[in-house]
Amino acid sequence: MINILIAIAVLGIIAACFGALLGYASVRYHVDGDPIVEQLDALLPQTQCGQCGYPGCKPYAEAVANGEAINKCAPGGEDTIKKIADLLGVDVQPLDENHEQDAGPKVAFIIEEDCIGCTKCIQACPVDAILGAAKQMHTIIADECTGCDLCVAPCPVDCIEMRPIPETIQNWQWDLNKIAITQVD
Amino acid sequence: MESIVERINQNKFWHFHGGIHPPEQKKSTNEKPIRQLSLPKQLILPLQQHIGRQGDLLVKVGDKVLKGQALTQSSNPMAVPVHAPTSGTISAIKKSVIAHPSGLSELCLFIDVDGEDTWRERNICQDFSQLSHQQIIGKIANAGIAGMGGAGFPTHIKVNTKPDINFLIINAAECEPYITADDLLMREHSTAIIDGIKILDQLLNPAFILIGIEDNKPQAIKALKHATESIEKIKVCVLETKYPSGGEKQLIKLLTGKEVASGALPIHSGIVVQNVATCFAISEAVINDTPLIRRVVTLAGQALAKPQNVWALLGTPVSYLLEQAGFVHEGQKQLANPPVIMGGPMMGFSILNENVPVVKTSNCILAPSKTEMPSAFDNNTSEVECIRCGQCAEVCPSQLLPQELQWSAKAKDHQQLTKLNLFDCIDCGACAYVCPSHIPLVQYYRVAKAEIRQQQQLDLKAEKAKERFEARKLRLEREKIAREEKHKKAAAARKAAMNKKTPEAGAAKSAVAAALARVKAKKAAGAKAQEISAEPQEVSNQVQDEKSQVKAAIARAKAKKEAKNKAVEPSVTPDVDTKQLSESSVSKTNVAEKAAPHKAADDKKAKIAAAIAKAKEKAKVKKAQEAELPTSAEAEKNPVGEQVKQTNVDDKKAKIAAAVAKAKAKAKAKAAEKKQAPASITENNSEEIK
């Protein structure tokens, strides 16, 4: 009988010790927020275009963390879906049918003669990449523009268009087989 | 340090890992002097010929320019100006294909050469040792000198460093096959090169100056040794010929035994490396005030009848050079575009358009024949599977693992590529050269490097976009809070003003109280009216009375009419009408006013209603007249009726005016007292009359 009591007591003490240890650890190493959201957000292209139905990339990252479909990011395309699938350990899905893959990086352009200075596009821009004031001509800060398309619809005079980013020496990609490797005898 | 100097003095140098010994192919060009070419008809000058940024244009179309005149300028230190290589007229400024593997177009200046080759004014500097560092650096920068070995880094930045330079290394290795431009330059212009080195010595003040040269250039070695005999500090170091000993890091390793760490620059180890051609350009710029407007270009390859080194003005189209060298299409006529390579066979690139101009970094134009370089002719690479022989790793001068890199590059595993130090690859092509499976390894690396760079740019942009998005969200939040705060403050201010005991506030309060009282009164009136409607008998009696009165009046009128016989005086009837109707209308307006005492609009409505009532009454009266006058002369009746009508119209206005005046008077009188009973009766009344 005494042996059983001793066993219970010993096990109880061990359990209490580990419990205390775990309790301490959970306080000491407490992680604020959900790190998965940050990781997902880092994978998204940050165009803030809202094509996924969420107001920006971070909200979509939060939604994905809560079980939203991973195939709604059109600017990110297949690559992003693959990366998210890898991160979450789920199957890769094709891009959502309602979302078309972007043709290529674009930048907004304001036809300045037509601009009436209504500031509607400025309010629509998610990254404050449009410069202007009421009744003054507006213009795009091309380097900051994410090509999200959100400024096109609010324009009452249709003076904003999306232009593809031209290929220059700086963003040119090597094309295999264009240059033959030379072997000299 | 001691041991390094000892070893150098004993001509015992170090080795770098790997390297290959491709056939040199230098014989065809290194036995002939550098040829001077006649002036081409047109020069095409790209605004950017170096790493960095392009300058701003100083000229416009139609301008006449003199040889050596600066065409661009910029305050940006990474921008290097370009100069007119000869005198002529700017014929166009437009996009044109440039010397780049992409074959893309960039902004170029087109100069129509006038053939006179007139120089701008030059200030020859007799003694450069009198010049300050800043003056020398200024001269180098203004001369538009960028590294002429291949990369084209702006020279004035490279030489503008802090002291503590241990080694100034002059790169004269020229290790790539075919190219002999530096070799010939050293033979023919060794004094100028040594002057350039002296200028660099003055600027950098290094402990040692080492000229690294491969042993396959005996004449150049002799010339350099002869020119440096009297100078202790400069040491000509003859190296074993091995590709790529001319690589910056490889040359440093060979001469000093030091390895430049991954990602670090030679300057971090106190070493500066300059190309011999750059030294020549520096001496020209500082001493002769001659900007960088020409360079030696090796024209080589079996497709050329006269392969030779030439002095080519920058901007000379490649087609012109090929023509001068006797480009023959023997056995290649079926080919629309025989391959032309800019740069050496190992690191150069095919140019797709022969109008591409020579730029500051072009050291060789290679036009191979099909037997010489069959791979350049067919685009189908004969690549087969990697057999894991490991030869590529053996020859890699950067000690990378080309095979692993290749797999990761094909899988686009950028993380793994970075881990394998892809960016230490110098694109030398040694791995591809030895590969028995003919895998174009360097091409894979080039693609992967470009992709990673692009990805980094995108990541950077995404990071910036994220920051801006977050900042905007914060701003909107802040603005919203500020707006709410403002609204709250405004509301509080209003309340405070109401509660104050100022006379205005008191008045406002009493007005509100009065309005409330009126509303209450109206409600009470409504209740009373309902009570009163329980006695309709009385009301109808009154109506009967009124009707009879009307009838009496009409009778009287008729009597009068008859009496006066045509000279009618119809004022009686209207009088009755006026009295009666104005009474009813007044009572109505009264009621109306009481219902909504502060609304003048209701008055108006009441008036209109009264007017309508009157009009109806008149119509009734007329009917009555018609009905009661059948006995009287029919001929009489009509004009009378018409007269009555007319007067009625006139009277209407007067009646309305009177009614309004009365209503106003009554409203004033009755504003305070609330005796609604008669009013409501008359209201009912008038309704019945209607």
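The values are calculated or read from the model by the stated rules, or taken from the named source; none is laboratory data. Since the model is a prediction, treat every value here as computed from it, not as a measurement. For neighbour counting, all protein chains shown are included, and Cβ atoms are generated from backbone atoms with ideal geometry for every residue, glycine included.
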Go over the candidates B:T381, B:T418 one by one and state the one that is modelled with pLDDT under 90 and either hydroxyl-bearing (S, T, Y) or not assigned by TED's automatic domain parsing to the domain that holds B:C175 (or both).
B:T381
In region B:19-49, what residues are surrounded by 16 or more Cβ atoms within 10 Å (Cβ to Cβ) and more than 25 Å from B:T361 (Cβ to Cβ)?
none
So how many residues does region B:356-411 have that are surrounded by fewer than 21 Cβ atoms within 10 Å (Cβ to Cβ), over 21 Å from B:H21 (Cα atoms) and hydrophobic (A, V, I, L, M, F, W, C)?
6
Against the conditions (1) within 14 Å of chain A (Cβ to nearest Cβ); (2) over 37 Å from the mean Cα position of the chain (by Cα), where does B:R35 fall short? Just the number, please.
(1)
Does A:P156 meet the test of being farther than 27 Å from B:F377 by Cα, modelled with pLDDT under 85 and more than 7 Å from chain B (Cβ to nearest Cβ)?
no
Of all helices (runs of 4 or more DSSP H) fully inside region B:383-480, the set with 1 or more residues that are more than 14 Å from chain A (Cβ to nearest Cβ) is B:391-395, B:402-411, B:414-419
Verdict on B:V65 being touching a residue at least 40 places away in the same chain (Cβ under 8 Å), in contact with a Leu (Cβ under 6 Å, 6 or more places away or on another chain), farther than 29 Å from B:L251 by Cβ and surrounded by 12 or more Cβ atoms within 10 Å (Cβ to Cβ)
no
Determine whether region A:45-64 contains at least one residue that is within 14 Å of another protein chain (Cβ to nearest Cβ), in a helix (DSSP H, G or I) and more than 10 Å from the chain's Cα centre (by Cα).
yes
Those residues that are charged (D, E, K, R) and either in a helix (DSSP H, G or I) or surrounded by fewer than 15 Cβ atoms within 10 Å (Cβ to Cβ) (or both), I need them from region A:65-91; list them, please.
A:E78, A:D79, A:K82, A:K83, A:D86, A:D91
Unique residue being more than 30 Å from A:P35 (Cα to Cα) and of a type in the set (D, E) when the list is A:E97, A:E68, A:E113:
A:E113
Can you go through A:D86, A:D79, A:D149 and tell me which one is touching a Cys at 6+ places or on another chain (Cβ under 9 Å) and among the acidic types (D, E)?
A:D149
B:E451 being surrounded by 10 or more Cβ atoms within 10 Å (Cβ to Cβ) and at pLDDT below 90:
yes
For the list (1) away from chain B (no Cβ under 14 Å); (2) modelled with pLDDT of 85 or more; (3) surrounded by fewer than 13 Cβ atoms within 10 Å (Cβ to Cβ), I need the number of the one condition that A:I110 fails.
(3)
